[in-house]
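Presented below is the structure to which this report refers.
No lab work stands behind these numbers, since they all come straight from the coordinates. Keep in mind the model is a prediction, meaning the values are calculated, not measured. Cβ placement follows ideal geometry from the backbone for every residue including glycine, while neighbour counts extend to all protein chains displayed.
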Amino acid sequence: MPLLGITALSKEFGGLRALDRVSFTAEEGEILGIIGPNGAGKTTLFNLISGIYPPSGGEIIFQGKSILRLKPYQISHLGIGRTFQIVRPFQNLDVETNVLVAYGHRFYPSLWKSTGPFRQPGNLREVQTLIERTGLRSYAKHLAKNLPLGFKKRLEIARALALQPHLLLLDEPSAGLRFEESAQLMELIRQVCDQGIGVLLIEHNMHVVMDLCKRIVVLDHGSKIAEGSPEEIRSNSLVIQAYLGKEA
Ligand SMILES: Nc1ncnc2c1ncn2[C@@H]1O[C@H](COP(=O)(O)OP(=O)(O)OP(=O)(O)O)[C@@H](O)[C@H]1O
Ligand SMILES: [Mg+2]
């Protein structure tokens, strides 16, 4: 049984087919690359999996059960975490509190109103471990809004990991990062995957995708036009056309 099974998934916005009968599966401990030109439907796919929009058709099976009619918080409780294309931590909370809020979210959906009762040694230890793992230790007491972009992106991953996900959806984690920051973030993603967590990675940087992913799904105009190994994707004529067409 795959970790995630997507079948004929579609989404229409007015007359626009943002996603058109897309099917694929993802496994535990796998980094599955999701690529495609701007407007291909990649973020829409994540919005459907995480329950932000209801699909117009199709099925989403997570760990053997349909998650089609669940609300975003129910889906995150089941173990699907995500980061956003535009980072959105609680800007005026420090790094530690941001992670603590995400950690407590599993128990109290409205915990953000007060983290006081939740600052117990056991919970704080868990939060510290996550902060260490994501390389945020020196920034633990800094407000999220003051972090450099590379560390805001790490914080997004720390917050997603705090939900103890089985599947992590990462939307362009390396966008806007310098080469070195991006390399460090990719190493973090590799470690996450080594722990058995499945990762769906939307990424525009082809070097990153080809390096991290053994399998890649390509979307264009809402449809899946290819799926395969980096070698297969690189030499696929539909993929080359989709990318060159947009750039020409
Ligand atoms: N909430 C919405 N309402 C209307 N149209 C939308 C909405 N969200 C996305 N779309 C449209 O759906 C299409 C797919 O958008 P989506 O954001 O999924 O693309 P993407 O592959 O993530 O692109 P990018 O690489 O630029 O992030 C686009 O034409 C977009 O304008
Ligand atoms: Mg997008």
Alpha-carbon spread of region 123-184, three principal axes, descending order, Å | 33, 28, 18
Residue farthest toward the positive end of the dipole of the chain, with Cβ of Lys/Arg at +1 and Asp/Glu at -1: which of L185, Y73, I216?
-> Y73
Taking placed amide H atoms and a strict 5 Å upper bound, the residues 5 or more places from I34 or on another chain that come that close are L201, I202, E203, V217
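Helix-only estimate, please: 222 nm mean residue ellipticity of the chain, summing -39500 (n - 2.57) across DSSP H runs of length 4 or more and dividing by its residues, to the nearest 500. Each step should come with its number before you reach the end.
Numbers: 9 runs with 90 residues, N = 248.
My calculation for the chain gives -10500 deg cm²/dmol from helical runs alone.
Over the chain, what relative contact order in percent results from Cα pairs under 8 Å that are six or more residues apart?
Dividing the mean separation by the residue count of the chain yields 28 percent.
Under a Cβ-Cβ cut-off of 13 Å, what is the net charge of the residues other than S56 that fall near it, where Lys and Arg count +1 and Asp and Glu count -1?
Working: positive: K11, R17, R21; negative: E12, D20, E59.
Within the 13 Å Cβ shell, the charges total 0.
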Just going by the charge dipole of the chain, with Lys and Arg at +1 and Asp and Glu at -1 on Cβ, which of S174, H142, I202 is farthest out on the positive end?
-> H142
In the chain, what % of DSSP beta bridges are antiparallel (nearest 5)?
-> 55
With just the Cα atoms of the chain, tell me how far they stretch along each of the three principal axes, in Å, largest first.
-> 55, 40, 34
Max mean-square fluctuation residue, GNM over the chain, Cα-Cα springs under 10 Å, options L130, L238, L212 | L238
